[in-house]
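Asker: If you scroll down you'll find the structure; I have some questions about it.
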Amino acid sequence: MSIGKCQDIDHYLHLLRQVLDGESTPEKEQYLALHLDNCACCLEAFELEKHVRTLLRSRLEHREVPAGLLESIRAKIAEAAFHVR
């Protein structure tokens, strides 16, 4: 495993975020896994990103949205857009 700076870190960070978001293909996941096996820099970034997401999920509180809130917001946006014209 190499310990230096990854030459294409932006590419791999984008890819690892897709994987963590569930927006990648199995082929891309395998491609990333092979890279992580050989790149300590990207593996560290992957672990950090995963940890931050886990922490955020554990701290977020899920609340019920009051009935009609969405429609109220849409109506206010439509009204504001009408007055701007």
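What follows is calculated from the coordinates using simple rules that are stated; it is not laboratory data. Remember, it's a predicted structure, so these values are computed and weren't measured experimentally. Using ideal geometry, Cβ is built from the backbone for each residue, glycine included, and neighbour counts are taken over all protein chains shown.
Asker: With runs of 4+ DSSP H residues as the only contributors, calculate the mean residue ellipticity of the chain at 222 nm using -39,500 (n - 2.57) per run, divided by the residue total and rounded to the nearest 500.
Answerer: Working: 4 runs with 61 residues, N = 85.
It comes out at -23500 deg cm²/dmol, rounded to the nearest 500.
Asker: Also, I was wondering about something else. Cross-link partners among aspartates and glutamates for K50, C-alpha distance below 16 Å, same-chain residues fewer than 8 apart left out?
Answerer: D21, E23, E29
Asker: May I pose another question? Looking at the chain, which GluC sites (Glu not before Pro) are DSSP coil and have at most 14 other C-beta atoms within 10 Å of their C-beta?
Answerer: Details: sites: E23, E27, E29, E44, E47, E49, E61, E64, E71, E79; in loops: E23, E61, E64.
When the GluC sites (Glu not before Pro) of the chain are filtered for loop state and at most 14 Cβ neighbours within 10 Å, E23, E61, E64 remain.
Asker: With Rg/Rh (Cα atoms, Kirkwood Rh) in mind, check (i) 1.26; (ii) 1.23; (iii) 0.99 and report the label derived from this structure.
Answerer: Matching the structure shown: (i).
Asker: Using a Gaussian network model on the chain with a 10 Å cutoff between Cα atoms, which of A75, A33, A45 fluctuates the most?
Answerer: A75
Asker: Continuing with the same structure: Using the beta-carbon distance between Q18 and H83 and R0 = 35 Å, what value does 1/(1 + (r/R0)^6) give for FRET efficiency, to the nearest 0.05? It would help to have the intermediate numbers written out before the result.
Answerer: Values: r = 40 Å, r/R0 = 1.15.
Here the calculated transfer efficiency is 0.30.
Asker: Turning to a different aspect of this structure: To the nearest 10 degrees, how steeply does helix 9-20 sit against the main Cα axis of the chain, on a 0 to 90 scale?
Answerer: 60
Asker: What is the sum of charges, Lys and Arg at +1 and Asp and Glu at -1, for the other residues whose Cβ falls under 13 Å from the Cβ of Y31? Don't skip to the end; give the middle numbers.
Answerer: Values: positive: K28; negative: D8, E27, E29, D37.
It works out to a net charge of -3.
Asker: What's the FRET efficiency of K5 with K28 using the Cβ-Cβ distance as r and R₀ = 25 Å, to the nearest 0.05?
Answerer: Working: r = 22 Å, r/R0 = 0.90.
Result of the calculation: an efficiency of 0.65.
Asker: Among R59, R17, R74, determine the one that fluctuates most according to a GNM of the chain built with springs between C-alpha atoms less than 10 Å apart.
Answerer: Result for the chain, Cα springs under 10 Å: R74 fluctuates most.
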